[in-house]
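S.K.: Quick one: the structure is below, and I'll ask about it shortly.
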Amino acid sequence: MLGPKIIIDTNISLREFHKEETLLWLKWNNDKDLQKFMPEPFEVRTIQDENEFLEEATNEDDGIYWTIEDSSTLTPIGIVSVTEISQHHGLGELGIIIGEKEYHGKGIASKVIEGVLDYCKNKGLRRITTEYEEGNIGLQKALEKNSFILEAKCIDSRIKNGLPINTFRYYKLF
């Protein structure tokens, strides 16, 4: 499902996906620099792939998806989601990508994560988890700034470019 609008600060907000943004996702998903820390192996995506993702995200019952937007220019700059939601257990899995590179290193991911955590807490979730690949220092900093705790270093837990890599699993309790 698509998430409601959330104002993060005067410059950043979260809002529903718009169909025309699939062209941006296509750009981000085919950018090897952005994809180096994504869990899936890199493969060239098509506009049809992105349209299918939009359809899945819109209809998913156990996930919430937002576009991260620069409020001053109304420019979409990334995507954030909470998936694998279990209301019964109070769980969710956080995912985020800041797709527009000029917004990297500005603390936006930290602010967005903080806003999404507030939303999750208000919706009755009690535990949010996320996993990232070794070397993704930006996400590590954003998680630690939001008081996520390292749960596990997973040795050789994924294959990337034919080689095993390590991941880190973090969690946050409310």
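S.K.: List the relative contact order of the chain as a percent without decimals, with contacts defined as Cα pairs under 8 Å and 6+ residues apart.
M.R.: 19 percent
S.K.: What's the center-to-center distance, using Cα atoms, between segment 68-94 and segment 99-174 in Å?
M.R.: Going from one Cα centre to the other spans 12 Å.
S.K.: Pop out the ³J(HN,Hα) list for segment 166-174 in order, Karplus 6.51 cos²θ - 1.76 cosθ + 1.60 with θ = phi - 60°, rounded to Hz; leave Gly and Pro as x.
M.R.: 8, 10, 10, 10, 10, 9, 9, 9, 9
S.K.: Please compute the length gained on full extension between residue 149 and residue 106, using 0.36 nm multiplied by the number of residues separating them and subtracting their Cα-Cα distance.
M.R.: Gain in length upon complete extension: 13.3 nm.
S.K.: Then there is this: Counting pairwise Cα distances across segment 6-130, what percent come out greater than 24 angstrom?
M.R.: I get 27 percent for the Cα pairs in segment 6-130 exceeding 24 Å.
S.K.: Taking the number of other C-beta atoms within 10 Å as the exposure measure, put 89, 18 in order starting with the fewest.
M.R.: 89, 18
S.K.: Next question, about the same structure. For 20, 56, what's the fewest-to-most ordering of other Cβ within 10 Å of each Cβ?
M.R.: Ascending Cβ contact count within 10 Å gives the list 20, 56.
S.K.: Among the trypsin sites (Lys or Arg not before Pro) in segment 82-172, which ones are in a DSSP loop with at most 14 other Cβ atoms within 10 Å of the Cβ? Mind listing them?
M.R.: For trypsin sites (Lys or Arg not before Pro) across segment 82-172 that sit outside H, G, I, E and B with at most 14 neighbouring Cβ atoms in 10 Å, the list reads 106, 123, 126.
S.K.: Let me have the 222 nm mean residue ellipticity of the chain computed from DSSP H runs of 4+ only, each contributing -39500 (n - 2.57), with the sum over all residues rounded to the nearest 500.
M.R.: -8000 deg cm²/dmol
S.K.: With both bridge residues required to lie in the chain, what share of the DSSP beta bridges run antiparallel, to the nearest 5%?
M.R.: DSSP beta bridges in the chain are roughly 90 percent antiparallel.
No value in this document is a laboratory result; all are computed from the given coordinates. On a predicted model such as this, the values are computed, not experimentally measured, just so you know. Methodologically, a virtual Cβ is constructed for each residue, glycine included, from the backbone with ideal geometry; neighbour enumeration extends over all protein chains shown.
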